[in-house]
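Heads up: the structure comes next, in structure tokens.
The values are calculated or read from the model by the stated rules, or taken from the named source; none is laboratory data. Note that the coordinates shown come from a computational prediction; the quantities given were computed from them, not determined experimentally. Positions of Cβ are generated from backbone atoms using ideal geometry, with glycine treated the same way; all protein chains shown enter the neighbour counts. Surface accessibility is based on the protein's heavy atoms, side chains included, excluding ligands, DNA and RNA. Shrake-Rupley method; radii C 1.70, N 1.55, O 1.52, S 1.80 Å.
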Amino acid sequence: MAPHTLASASYGKDLVRILRVVREPSDPSCHRIAEYTVRCLLSGQSLVPSYTEADNSPVVATDSIKNTLNLLAKTLPGDTVLCPEKYVLHVMEHFLRRYAHIDGVEVDLIQHRWSRIALDADADGRPLPSLQPHKHSFIRDGNDVRTVRAYASRDGASRRGVVRYLKGGIKDLVVLKSSGSAFYGFLRDEYTTLPEVQDRIFSTAVDCEYAYSLPAAKPIDELLQAPAKLLPDFCAASSRAVAHVTHTFATHSSPSVQATLFKTAERILDDGACQAVADVELTMPNRHYIPIDLKWAGVENLKEDQAEVFLPTAHPSGLIRAKIARGDGGSKAKL
Ligand SMILES: O=c1[nH]c(=O)c2[nH]c(=O)[nH]c2[nH]1
């Protein structure tokens, strides 16, 4: 039999589900929560025999990986676990510190939405003067999620763990505007049937992923020893990124998905709260809404300014994707 080589490999636990509750010390009935779905994969040269020679001795069981994710979610300080980027950094640091034979740790995390329920009346139904956020009741007010993807591996010489990439993001943020979007002036040839439009529906499910540039080549344990000094404010950057996605979508008079996408990324990169972001990758499907022909009933519904009833079409959709980096070339040069 011809020899074959293991070209690449990683293993671990996927779909680890965790909810962390943090009780305010001054009022234990007031909670903050974070719900995550986590994938954590390990890799390393020492693991090769587990694939090629059925030698399980270097294998940290995927069950132990899951246990570790659960225990860290309990033992790390609440503020750390509630910040998904920080939790991920601690997870990577843990595996590289605890297992000298593990060379790389990859973590992908999804944070599910839970927003506080806002009450307009008290428990007895008496109206409140203004909306009051409840102390420990939450609502899933959207299917968009916050994401973190990261990879850390050992530095060749020192063997200390270094973050190779750390990316925050949002996924599946569904938006629609019924005006303020045009598409004209595009290439016309023998394949073109699409009419030019000055005003159309624009709907998309935004995926936005931004790469952080962390202090160059600092080992993860050092980053975590002085996090306030060395780490960006991940949550501020995340909420500003979401704000720019929605604000730009609503207010930019859109000549195309491409141009709106680029403007969104520019605004994120120009925001002081996103200084540590080196590049932004945006994916925007163009979910078409097609005016329905009602001529059969003698009703005009196709003219741009008279179209009122549309067919939402799931497929095909356009798909516009781009990564926008700072002028200096972005994350690759810095991480
Ligand atoms: O904003 C758009 N960009 C395109 O590239 C495109 N192509 C298309 O058919 N419609 C649109 N809309």
Study note, to complete from the structure: The local net charge around VAL81, scoring Lys/Arg +1 and Asp/Glu -1 for residues other than VAL81 whose Cβ lies under 12 Å from its Cβ, equals +1
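What number, rounded to the nearest 500 deg cm²/dmol, is the helix-based mean residue ellipticity at 222 nm of the chain, given -39500 (n - 2.57) per DSSP H run of at least four residues and division by all its residues?
The per-residue figure over the chain is -7500 deg cm²/dmol.
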Review point. Given segment 204-280 reduced to its alpha-carbon atoms as identical point scatterers, what log10 I(q)/I(0) does the Debye formula return at q = 0.16 Å⁻¹?
Key: -0.62
Practice item. At most 14 other Cβ atoms within 10 Å and a DSSP loop assignment: could you name the trypsin sites (Lys or Arg not before Pro) in segment 240-335 that fit? Key: LYS303
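In the chain, once you exclude exposed chymotrypsin sites (Phe, Trp or Tyr not before Pro) (DSSP loop, at most 16 other Cβ within 10 angstrom), what's the longest stretch remaining?
Within the chain, the longest run free of exposed chymotrypsin sites (Phe, Trp or Tyr not before Pro) spans 192-335.
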Check your understanding: Computed from the mean reciprocal separation of all distinct C-alpha pairs, what Kirkwood hydrodynamic radius does segment 171-335 have, in Å?
Key -> 18.2 Å
Check your understanding: Can you pull out the trypsin sites (Lys or Arg not before Pro) in segment 53-128 that DSSP calls coil and that have at most 15 other Cβ atoms within 10 Å?
Key -> ARG113
Study note, to complete from the structure: If N is the residue count of segment 134-199, its Cα Rg over 2.2 N^0.38 Å rounds to 2.14
Point to revise | At most 16 other Cβ within 10 Å, DSSP loop - GluC sites (Glu not before Pro), segment 137-218 | key: GLU190, GLU196
Review point. Considering only the other residues whose Cβ falls under 13 Å of the Cβ of PRO227, what net charge follows from Lys and Arg at +1 and Asp and Glu at -1?
Key: -3
Review point. Once the Cα atoms of helix 234-251 and of the chain are each reduced to a long axis, what angle between those two axes, in degrees from 0 to 90 to the nearest 10, is obtained?
Key: 10 degrees
Check your understanding: Could you give the accessible area per residue of segment 171-335, probe 1.4 Å, as a whole number in Å²?
Key -> 55 Å²
Study note, to complete from the structure: Checked against a 27 Å limit on the C-alpha separation, the offending pairs among LYS13/LYS135; LYS66/LYS135; LYS66/LYS323; LYS74/LYS135; LYS74/LYS229 are LYS13/LYS135; LYS66/LYS135; LYS66/LYS323
Practice item. For the chain, give the percent of accessible area contributed by carbon and sulfur heavy atoms, probe 1.4 Å, rounded to a whole number. Key: 54 percent
Exercise for review: Lys and Arg at +1, Asp and Glu at -1: add these up for the other residues within a Cβ distance under 11 Å of ALA273 and post the number.
Suggested key: -2
**Study point:** Cα-based equivalent ellipsoid, the chain: semi-axes from gyration tensor eigenvalues, Å
**Key:** 42, 29, 20
Exercise for review: Excluding residues on the same chain fewer than 8 positions from LYS303, give the lysines whose Cα lies under 24 Å from its Cα.
Suggested key: LYS177, LYS295
Review point. So how compact is segment 39-191: Cα radius of gyration and Dmax in angstrom?
Key: 23.3, 70
Revision key, fill the gap. Between the Cα axis of helix 62-75 and the main Cα principal axis of the chain, the angle (0 to 90°, nearest 10) is 80 degrees
Study note, to complete from the structure: With Cα coordinates, the longest principal axis of the chain makes an angle with the long axis of helix 84-98, in degrees rounded to 10, of 20 degrees
**Study point:** Cα convex hull of segment 61-120 - mean projected area over all directions, nm²
**Key:** 5.3 nm²
